[in-house]
């Protein structure tokens, strides 16, 4: 996994103001930015450091440590499985089988790496490819 850690003096990345109370997600055209509290970022990001590379897992691209916040940058995604299923209303058996295969592969990879996924929901599975 390739990532860099950079320390900055001010928390003004992507025009985000100092927000330490909760975890915040911001999407832009290139990435997804997750703003984390400084005192909990290692616990929250630990599974990403533990996982090996897998085509179905969104990769952590960069971590910037600010004075009071930590900014974690992930590759941009193109919608989630829940929205896709609702928009399609019905999936062909072959499409559903292909999606289920990918989900099972990701879950198996996480389990092999010692990570147990809790609270699995369709919204937590996102598409890397804009064509889904």
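Every read-out reported here was derived from the displayed coordinates using simple, explicitly stated rules and does not represent laboratory data. This is a predicted model, so every value here is computed, not measured. Neighbour counts run over all protein chains shown; Cβ positions are idealised from the backbone, glycine included.
Observations on the structure shown:
- For the range 105-121, residues that are in a loop (DSSP other than H, G, I, E, B) and surrounded by fewer than 13 Cβ atoms within 10 Å (Cβ to Cβ) total 7.
- Only listed residue being part of a helix (DSSP H, G or I) and surrounded by 12 or more Cβ atoms within 10 Å (Cβ to Cβ), chosen from 48, 71: 48
- Any chance residue 78 is surrounded by fewer than 14 Cβ atoms within 10 Å (Cβ to Cβ) and under 13 Å from the mean Cα position of the chain (by Cα): yes
- Only residues that are crowded, with 17+ Cβ neighbours inside 10 Å and in contact with a helix residue (DSSP H, G or I) (Cβ under 6 Å, 6 or more places away or on another chain) were counted in the range 81-91, giving 1.
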